[in-house]
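Down below is the structure, laid out as structure tokens.
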Amino acid sequence: MSILSKLQEEYKELKEKLSSPEKITDWDFVGERKKFLDEIVPLIEGLEDVKKRIEENKKILEEQKEEDLVEIAKEEETDLKKEKDRLTKEIKELIAENQNEGELEVKKDTAIVEIRAGAGGDEASIFVKNLFEMYSRFGELKGMNIIVLDDSKTEQNGYKSITFKLKGRNPYFLLRFEAGVHRVQRVPETEKSGRVHTSTVSVAVLPEPKKGKVKINPADIKLETCKSSGPGGQYVNKRETAVRIVHEPSGIVVTSQNERSLQQNKETALSVLEAKLLEKEQRERIEKLEKERKEQIGTAMRAEKIRTYNYMQNRVTDHRIDQSWYKLEEILNGDLDEIIDALREAEEREKYKDIVID
């Protein structure tokens, strides 16, 4: 039985199960699975219909003698093949996306992004701001909400670091390839001699665990409070509302200061800690299972230099797939679709080449 037939059969069984709700014990799983199947099964049925029409059209081309009818059939064949390719791509993406979610046990509608300045001093902190604006605009174009969880600003109107959450449709699945080291090459505004500077910024894209999936022992964390130094004016500085949490077994440190109350900042910091622990667990599992593999698309190790933004050449190059785009301004304004699609296609060829649906 093909993977698509299995999904159709599972959908049929799930609907039968829902007709006897008293027998269902895991409503969370059933609800998530039904949502996935509700989306993919109509695509499968559409693909089956297109394949059937392609076969019928093929017979017409073989048997038909009139040139006008043959020409019409050829045009229809072209359209049908395009529709088949579109449906096939969407189905593969949904299957891959569902596999990722199942492996990571994460929330489907949120992602936590952390951007930190690396080498390059002030110029690196300014580029942190540039990347934050890029991802914010991308999120806005996709109808997502952007929530700043923590930030550390500089006097040059940049950030030493910023952590924020994207909430919407599949933000982690879309942006997981952004994790890694981003390099910028440009002449800083303060550079009088016109010399090109190279700076680096690290990006982490973290899936947010589903509630209860990451267990944290209270005895393993050290919690400190202090007065917030971020936005909020006098109100935020009158009381100790900022939170710093150290997870002693892993050495992970997280802070949160942008919420109004101590409890809210504590909850936010814990959610970021859970995401970082999940990322650590996933990274260790990948390293163990694939330590002999030289190149990976999709694991997004944070130490890996993944992309260069060259302002002089109006060029953005992704080193993992050795591909460049000469539209730097558009990309920094949130137009990331071409890059994401190219990386997803590369991942599909490698990681999901076993998903055969034809």
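Every read-out reported here was derived from the displayed coordinates using simple, explicitly stated rules and does not represent laboratory data. These numbers were taken from a predicted model, which means no experiment stands behind them.
3J(HN,Hα) couplings calculated from phi for the stretch 247-253 with the Karplus curve 6.51 cos²θ - 1.76 cosθ + 1.60 (θ = phi - 60°) are, in sequence order, 8, 5, x, 9, x, 6, 10 Hz; Gly and Pro show x. Averaging the Cα positions of each part gives two centres, and for the stretch 115-133 and the stretch 169-221 these lie 10 Å apart.
Scan around H197 for amide H atoms under 5 Å from its own, H built in the peptide plane at 1.01 Å from N, and keep only partners 5 or more places away or cross-chain. When sequence neighbours closer than 5 places are left aside, the close amide H contacts are R186, V187.
Using a cut-off of 19 Å between Cα atoms, the listed pairs K15/K84; K58/K81; K129/K280 include K15/K84; K129/K280 as exceeding that distance.
Less than 5 angstrom separates the built amide H of K327 from those of V316, all sequence-distant by 5 or more or on a different chain. Using θ = phi - 60° in the Karplus curve 6.51 cos²θ - 1.76 cosθ + 1.60, the 3J(HN,Hα) couplings for the stretch 77-93 round to 4, 4, 5, 5, 5, 5, 5, 4, 5, 5, 5, 4, 5, 4, 5, 4, 5 Hz; x is entered for Gly and Pro.
Taking amide H positions as modeled 1.01 Å from N, with prolines and chain starts lacking one, the residues under 5 Å from A179 and 5 or more places away or on another chain are V205.
Backbone phi angles across the stretch 192-205, fed through the Karplus curve with coefficients 6.51, -1.76 and 1.60 (θ = phi - 60°), yield HN-Hα couplings of 7, 7, x, 6, 7, 10, 10, 10, 10, 9, 9, 10, 10, 10 Hz in residue order; Gly and Pro are listed as x.
Taken as Cα centroids, the stretch 303-336 and the stretch 152-168 sit 21 Å apart, rounded to the nearest whole angstrom. Could you pull out the pairs from K51/K327; K34/K167; K142/K215; K6/K52; K227/K276 whose alpha carbons sit more than 26 Å apart here? Table pairs above 26 Å Cα-Cα are K51/K327; K142/K215.
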